[in-house]
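Enquirer: Please see the structure below; I have some questions.
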Amino acid sequence: MKELRTLSINGEDRELAIPHHWTLLEVLRYEAQLTGSKQGCDKGDCGACTVLLDGEPVLSCCTLAMQAVGREVRTIEGIANGVTPAAIQQAFDVTGALQCGFCQPGMIMSAAALLEKNDDPSIPEIQEALSGNLCRCTGYTKIYEAVQLAAKGLKQPVERVTGTPTEGFTVIGSRARKLDAIGKATGATQYADDIQLPGMLHGKILRSPHAHARIRSIDTSAAEAMKGVKAVMVGAELPTSFGVIPWTPDEHALCIDKVRYIGDGVAAVAAVDEETANRAIAAIEVDYELLEPVLDPRAALEEGAPLVHDEDWKGRPRKTNLCKKVELSFGEVDAALESAAAKVSGTWRYSGSTHAPIEPHCAIGRWEPDGRLTVWSATQVSHYLHRELAKVLDVPETKIRVIQPALGGAFGGKSEPFDLEFCVAVLAKKAGRPVKILYTREEVFYAHRGRHPMEFDFTIAADAEGNITAVENDIVLDGGSYHSFGLVTTYYAGQLLPGPIRFGSYRYRSRRAYTTKPACGPKRGHGSVQPRFPLETAIDELAEQLGMDPIAIRRVNGMVDGEETITGMKAETCGILQCLDSVEAASGWLEKHGKLPDGRGVGVATSMYISGTNYPIYPNKMPQSSVVLRGDRSGTLTIFAGTNDIGQGSDSMLAIVVAEETGVPMDDIIVVSADTDLTPVDLGAYSSRITLMAGTAAKEAGGKLRKRMVEAVAAQWEVPTEQVGVRPGEYYDTDEPEKVLPVREVLWLTESASGTLAEHGGYWTKDRGGDYRGGTIGASPAYSATAHVAEVSVDENTGKVTLHNIWAAHDCGRALNRTLVEGQIEGSVYMGASEALTEDMTYRDDGLHFGPNLLDYRILTSLDTPLLEADIVETVDPAGPYGAKEAGEGPLHPAIPAIANAIFDAVGVRLREMPFTPERVLAAIQAKHAAE
Amino acid sequence: MLRMQPFEVHLPETVAEACKLRSELADSLFVAGGTDLLPNIKHGLFTPKHLISLSHIDGFDGISVVDGAIRIGAGTSLDVVANSTDVPPGLAKAASLVAGPQHRKMGTLGGNVMLDTRCLFYNQSTQWREALGYCLKAEGTFCHVIGSDKRCVAAHSADTVPVLLALDAAVEFVGPEGEGAVNMRQLYRQEGRDPVQLDDRTLLTAIVLPPLPAGHVSTYRKVRTRAAIDFPQLGIGLAGAIVDGVVTELSAVASALMPQPKVLKGMDAAVGKPLDEAMIEHLAERCFKQVRPQRSLHGDPAWRRHMARVEMRRGLEELVEASQ
Ligand SMILES: Cc1cc2nc3c(=O)[nH]c(=O)nc-3n(C[C@H](O)[C@H](O)[C@H](O)COP(=O)(O)OP(=O)(O)OC[C@H]3O[C@@H](n4cnc5c(N)ncnc54)[C@H](O)[C@@H]3O)c2cc1C
Ligand code: SF4
Ligand code: FES
Ligand code: FES
C-alpha cells in the first residue's frame, strides 16, 4: 500500500506517497528525486546509501521509509551551507579523496557524523568510523587525509589549482582539483541510475539457473499477459553474435539455444516498474535440457570433455574447449636451464577475482521520434558499444547515440558490451517508451569479466651473479563461458612478463579454456598480474639460493632506458632502478629485511605495464584518440573527446593539458566526453591508454590554438612570437613581464586575427612490436615500471596476515597531476592487496557462484587497509604528452608477490596459491614445522 | 534493485499496541533496526503481509541499573551498548564488533538476540537459491551442509549472545500469554529453522543481567575475515570473576557453530585456582574438544575449530589481564 506521509528531509517537510514496502533509499531516490544517496548492494553490505537519521549514520537501503516518519533525515544534498559545499565536501574535493565518487555520498555522511562528535579524529578513529563504507577506487588513504583536513576547519573555498607545478610548466605536475570532484562530493553528479526519463519503463533479464543446458523452448505468454508488462524479448530476436574482439564474436545479447553459466541471460521484459518486471520474468517458462557443467579448466581441455560451445561463430563445429593457444619461444631456454647456478620450479595457482565497482551496471535506451536510438550506459568503452549495438541491432551507426554518464567505478568490468545494453534498446523499441535496466549486485558478479584464474608450471633459472637466464611457463587460463578479451589475455599472460626484469631466454605456452562459469576478462592489469606472482616470488627464492638480497637481485636484472624485452617490446624509458631505490629507502628495507622480529617481515616485487596498445582492437588506420577543441568570446574553452572518464580523472587530464598549452585557467575549461554524437572517437578506457593517447591529442589541439594565440598577441604588440609568454590566465611580454594581456582578450584577438577558435588533435599508433606472429600484442608506445615493498605481520597461531604498509614507487613518465597519479597508485595497491588477502571467485561443483554479493565476496574495508605510501618516479618518456605514461594499472601488480615475499620474511613459508587466507598460511606454517 | 514484496507497515507507540497488532495480524513480523530482517525479505526468505515496526515505541530503549541488576531495553542500539560504561566490558566489546558502524546505530540488542540463524546456502537471493535447488530451511527438502532432510544446522551468528549467556542474562518479554521472563540459556534450540523457543508472536522487551560479582571480568573473541562488516566465523563469550588472582566463577559460550550457542562444559575446573598457563591451556583444550564448526559459514571448519582453541586461550588471557 501507498500512503501520503510527511518526511522531514534536509530540514524540509516533504509530503510523499510512500509505498510501505519501500526502503528509505528507494523513496529518497525514486520518489523524492534525491539521487545523491547511492545504491551499491541494496542489502547492507557496502554503505553507499548512508544517510543521517536523527544525526546518526544509517543504511537507507535497510531502513523502511515508514520508519523515518517523524525523524530527521539528512542526505548528501542537505549538508551544504546554501550553495557553498560543506567543509567535508570541499575537503574530499581538494585532497583528491574521490575518484569515481560513487561511494562518496555515503562516505561523506559517515565522515560528517564522525566530525560532529570528534573534531580531531586520529587515523584509527577515522578508519573505524568509515569501516562500513566500502570504496573500491581510492585505497582510503586520501579519504583519511580529507577527513583530517575537514577537521582542521577548512572554511575557505580552495583555489582550483593547488600544489606547485613541475619546473618549466604552469599547470603540469600540480595538484589541480579534479573537474568532477565537487559535483560528486555534493551528490549533484548524475550516474546512469540517477537518470529518470518521462514514461520510462524498467527492464529485467531472466537468467539461467543452470551452468550448462540446452534451451528447448521458452514460453513468455504468461509474462506477456501480465498487467503492466509492456515488452518481452528472447534471444532469437537478436541472432547476430558479437564480441569486443572482432575476431572472436561468440556471444549473443541473450542466449538462443544454450546457456553457459548460472546467470546467463535468457529473456527480458520491460514493465511499468521493477517489481512488475520481477514478477514477469518469474512467469517465463524455460524448458532446459541439462548438460554436464565444465568447471575445471584442465579437465575442460581434455579430449572428450563436454563442449561449452558446440560451434564457433562461423558455424564450424568445435572439437575442444580450447579457445586460444599461444606458444612462443625466445632464445636458448634449454641450454640456459642446463647451465644455471640456481633454479626454481613448481606449480603456482592464481585465484579469480572480480572488479566489484560500487556502482552496478545500468543502461537506459530511448528511441527518438526520428528513429534514432540513444543509449545511456555505465560503460568504459562507448565507441565499441556503439559499433556492437549497430551490428547486433542491425541499425546503422549513424542512427545510434551512446552516452556514458558519470561512471561509478569500472576497473575493466565495464569494458565491453553487456546484455542489458542490447535489451534496453530492443525493449524500448517494442514498448515505444524508454527502458532502464539496472543490474542487481548479483548480476554484476555474473557479468564478471574479471581476473582469469591461472595455473602455472613455472621454472626460472639464474647464473651465479643473479642474472635471470631462463624462464619457462606453461599457463592454463580458466576463461569461463565466452571469449571476452580472452584472445588478448592469452597473449598477455606470456607477452608482458619479461620486464622490467630482464630475461636471458624465455619460452611459454598459454592455453585458455572455456568453462561453464561467468566469462573472465580484463581486470586492472589485464592478464599480466597473474604471472607476476610466480615470477616475483620465484625470484626471491633464487635470491635466497644465491645468498643475494631480494632488491639486489632485481637491480642486477632491472631494465634500463631504451632497452627492449626479449619479446621485442621497447621501453624508451624504464625507471625500475629508481623505483627500487625509492622503496628501499622509504621502507627502511636495509634495517628490516631479515631483521624484523619473528612474525614480521618485508617483501619486494616489481612490474611493468603498457600505456595503451599499438594495435587497436579492430584494424584501422584512423587515430586511436581524437580531441576537438573550441573556444568562444566568453573565454571558455570546450574540449570534446570520446574518452571515458571512469573516475580515474581523464576529463581533468585533458583540461590540464589544454590549460598548460593555452593559458586558459582550468576553471574556464569544459570537457564534454564519451558522447558519440558530440565527441570524436576515442577507443575507450582500457589498457591504460588515455593519458598517453588522448593526452597527446589534446596537446596537439591545445598547441595549435596556443600558436595562433601567441601569433595574435605578437602581432598586436609588434614583437617576435618568441617574446610572448604564457601563464595561467594571461599572456605576457618576456622582456617586460608586467606587460600582460588577459587570456580572454587574447582569445578575442585570436578570433579577430585568424577566425573561429577551433582546433583538433589526434593520436596515431606507431607501428611497433616484435617481428613475429603475436608480436604486436602487448606492444605499447611506453611502459611504466613499479616497485613495491610490503610490510606484514603473520600470526603464527592463526595464520592471519596483517598488512602494515605498502610503499609503492611508480614510474609514470611524468605526473601531469600528482594527486591523480598518487590516487591511481594507492587505489591499485589497495586492489592488489585485497585480492592477495581475501578475494576469491569460488564456485560449487554445479557451477553456482559461492556468494555473489559484497558480504560473501570480501573486499577490504578501511580497517583492513593501512595508510599507503605512493612515490612518483618521473622518467619523461618521449612517447607520452610531456613524457607521461600510465599510472592506473601497473601499480597493482607487485602487491600480490610483495605480500607473499613479506610473508616469507615473516614466517619462512612460501605460498604458491592465493589468496593468502589464514587457513592457507597456517597450513603452510604447520607443514614447515612438521618438516623441521 | 532487490525490491521487497508489498506489505503494510505499522508504527505502534506502545508495547501493548505492538503485541496486539502482532497477535491480530496474520503473516506479521516485528522489525526493529531492520538490518537482519530487511535483507532477508529482499532475499525472499520471509514474505510478511505486515511489518510491525518497533522504532516508534516509547521507552523501548535505554539502560538502567537497579540494585546492581542491569536492564537493557530491547530497542537499545548496539552502538549505545558498545559505548556504555554501565554494561559489563565483554558485552560492550561484543556489541562493538557487530557488523559496521551504521549497522550498530540501526541494529538493536533485541534484534541481535532474535537474529535469524545464518547459512551460506540460505542467506542468498531467490534466484540463487532456485539455482541451488533451495534447502530445508526455506522451500526445499534437503540440507546442503549435513545432507539431512530432517535438520537444519544454520549457525547462530549473533555476536552479543555468547557473552549474554556467559553473563547468565535473561530476557523479559510480552507474549500471547502475557508477560514473562526466561534465562537466555533456555532461549535457543538446536534447530536452525526455528531457533528461538518462544511463541513467534512474543515481543522481547528487555535483556536483564544479574548483579555482577566482585572481581567481575568478561570479554568476547570474534573470528572474521575483515575487521568490519563480517559476521562471526566463530565467537566466544567469557564471563566470570577473579579475586586476588583466584577464579571464583567462570563461564564460556561459543557460537557461529550450530543453531544453538554452545555453553562450554568444564569451565569450573578453574574455580578456586589461578588462571595460570597450564589452566588456560587446559580450558582451551576443553573448548576445542566441544566445538564442531560446520560448512554453513565460510572458512575451513578445521581451521575454525583450531581457532576455538586459540581464541579461548586469548580470551582467558584477556580476563587475567583485566583482573590485574
Ligand atoms: C552486512 C551486515 C553485516 C552484519 N554483521 C553482523 C555481525 O557481525 N554480527 C551480528 O551479530 N550481526 C550482524 N548483522 C546483523 C544485524 O545487523 C545485527 O544482528 C542486529 O543486531 C540486528 O538487529 P536489528 O534491530 O536490526 O534486527 P531486525 O532486523 O529488526 O530484526 C531481526 C529479527 O529479530 C526480530 N526482532 C527484533 N526485535 C525484536 C523484539 N524486540 N522482539 C521480538 N523479535 C524481535 C525481528 O522480527 C527479526 O526476525 C549484520 C547485518 C548486515 C546487513
Ligand atoms: S544448514 Fe542446511 S537446511 Fe539449514 S540453511 Fe543451511 S543448507 Fe539450509
Ligand atoms: S546500498 Fe545500502 S549498504 Fe549497499
Ligand atoms: S571513489 Fe570510492 S568507490 Fe569510487
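Enquirer: Tell me, what is the percent relative contact order of segment B:279-318, built from C-alpha pairs under 8 Å that lie six or more residues apart? Please list the in-between numbers first.
Expert: Numbers: 29 pairs, mean separation 20.8, N = 40.
This gives 52 percent for segment B:279-318.
Enquirer: Restricting the count to DSSP beta bridges whose residues both fall in segment A:2-74, what percent are antiparallel, rounded to a multiple of 5?
Expert: The answer is about 90 percent antiparallel.
Enquirer: List the residues of segment B:140-169 whose backbone N lies under 17 Å from a point placed 7 Å from the Cα of residue B:292 along the Cα-to-Cβ direction.
Expert: B:143-156
Enquirer: Something else about it: Give A:43/A:430; A:227/A:430; A:184/B:42 a once-over and call out the pairs whose C-alpha atoms are over 24 Å from each other.
Expert: Flagged as over cut-off: A:43/A:430; A:184/B:42.
Enquirer: For the residue pair residue A:152 and residue A:216, what label-to-label distance in nm results when each label sits 7 Å from Cα along the Cα-to-beta-carbon direction?
Expert: Taking the simple label geometry, residue A:152 and residue A:216 are separated by 7.1 nm.
Enquirer: Work out how much length residue A:285 to residue A:123 would gain on full extension: take 0.36 nm times their residue separation and subtract the Cα-Cα distance, in nm to one decimal.
Expert: Values: separation 162, 0.36 × 162 = 58.32 nm, distance 5.42 nm.
Result for the pair: 52.9 nm of gain on full extension.
Enquirer: Something else: Dipole magnitude of segment B:95-185 about its Cα centre, charges +1 at Lys/Arg Cβ and -1 at Asp/Glu Cβ only, in debye to the nearest 20?
Expert: Computed charge dipole of segment B:95-185: roughly 320 debye.
Enquirer: Let me have the relative contact order for segment B:1-86, percent, based on Cα pairs under 8 Å that are six or more residues apart.
Expert: It rounds to 31 percent for segment B:1-86.
Enquirer: Using a Förster distance of 56 Å, how high is the FRET efficiency between residue A:84 and residue A:766, based on the Cβ-Cβ distance and rounded to 0.05?
Expert: The formula returns an efficiency of 0.70 here.
Enquirer: While we're on this one: Which percent, nearest 5, of DSSP beta bridges in segment A:751-890 are antiparallel?
Expert: Taking every DSSP beta bridge within segment A:751-890, about 70 percent pair in antiparallel fashion.
Enquirer: A follow-up question, please. What size of dipole, in debye to the nearest 20, comes out for segment A:625-763 about its Cα centre when the only charges are +1 on Lys and Arg C-beta atoms and -1 on Asp and Glu C-beta atoms? Walk me through the numbers on the way to the answer.
Expert: On the way: 11 positive and 22 negative charges, 68 e Å.
Charge dipole of segment A:625-763: 320 debye, to the nearest 20.
Enquirer: How far apart, in nanometres, would the label points at residue B:282 and residue B:47 be if each is projected 7 angstrom from Cα along the Cα-to-Cβ direction?
Expert: 5.6
Enquirer: Using θ = phi - 60° and the Karplus relation 6.51 cos²θ - 1.76 cosθ + 1.60, list the HN-Hα couplings for segment A:435-440 in order, rounded to whole Hz, with x at every Gly or Pro.
Expert: 10, 10, 10, 10, 5, 6
Enquirer: Apply the Karplus curve 6.51 cos²θ - 1.76 cosθ + 1.60, θ = phi - 60°, to the phi angles in segment A:42-53 and return the couplings in whole Hz, x for Gly and Pro.
Expert: Values, residue by residue: 6, 8, x, 9, 10, x, 5, 9, 4, 9, 9, 10 Hz.
Enquirer: Answer with one residue from A:269, A:602, A:783: the one whose Cα lies farthest towards the positive end of the charge dipole of the protein assembly as shown, charges on Cβ with Lys, Arg +1 and Asp, Glu -1.
Expert: Going by the charge dipole, the pick is A:269.
Enquirer: Given the pairs A:117/A:592; A:178/B:105; A:142/A:414; A:319/A:391, which are separated by over 31 angstrom at their Cα positions?
Expert: Details: A:117/A:592 39 Å; A:178/B:105 33 Å; A:142/A:414 25 Å; A:319/A:391 28 Å.
Table pairs above 31 Å Cα-Cα are A:117/A:592; A:178/B:105.
Enquirer: Here's a follow-up. Name the residue from A:18, A:4, A:48 whose Cα lies farthest towards the positive end of the charge dipole of segment A:2-74, charges +1 on Cβ of Lys and Arg and -1 on Cβ of Asp and Glu.
Expert: A:48
Enquirer: Okay, moving on. Take the Cβ-Cβ distance between residue B:69 and residue A:773 as r, set R0 to 56 Å, and report the resulting FRET efficiency rounded to the nearest 0.05.
Expert: 0.10
Enquirer: Here's another thing I want to ask about it. Show which aspartates and glutamates lie in cross-link reach of residue B:273 when reach means a straight Cα distance below 18 angstrom and same-chain residues fewer than eight apart are skipped.
Expert: The qualifying aspartates and glutamates are B:244, B:249, B:281, B:285, B:317, B:318, B:321.
Enquirer: Any idea how far apart residue B:324 and residue B:182 come out in nm if each label point goes 7 Å out from Cα toward Cβ?
Expert: 4.2
Enquirer: Now for a different question. So if each residue of separation counts as 0.36 nm, and I subtract the Cα-Cα distance between residue A:930 and residue A:549, what length gain in nm does that give?
Expert: Here the segment from residue A:930 to residue A:549 would lengthen by 134.4 nm.
Enquirer: Zone of residue B:20 (label point 7 Å along Cα→Cβ, backbone N under 16 Å): which residues in segment B:45-61?
Expert: Of the residues in segment B:45-61, B:52-53, B:57-58 have backbone N under 16 Å from the label point off residue B:20.
Enquirer: Give the relative contact order (percent, whole number) for segment A:715-798; include only Cα pairs under 8 Å separated by 6+ residues.
Expert: Normalised by residue count, the contact order of segment A:715-798 is 12 percent.
Enquirer: Over the protein assembly as shown, what is the percentage of antiparallel beta bridges among all DSSP beta bridges, to the nearest 5?
Expert: Bridges in the protein assembly as shown are about 80 percent antiparallel.
Enquirer: Could you work out how much longer the chain between residue A:842 and residue A:718 gets when fully extended? Use 0.36 nm per residue separation minus the Cα distance between them, nm to one decimal.
Expert: Length gained between residue A:842 and residue A:718: 37.4 nm.
Enquirer: Next question, about the same structure. Filter the trypsin sites (Lys or Arg not before Pro) in segment A:263-335 to those in DSSP coil with at most 10 other Cβ atoms within 10 Å of their Cβ, and list the result.
Expert: Filter output for segment A:263-335: A:314, A:319.
Values in this text are rule-based calculations from the coordinates and carry no lab data. Model, not experiment: these values are computed from the prediction. Glycine also receives a Cβ, built like all others from the backbone with ideal geometry; neighbour counts cover every protein chain displayed.
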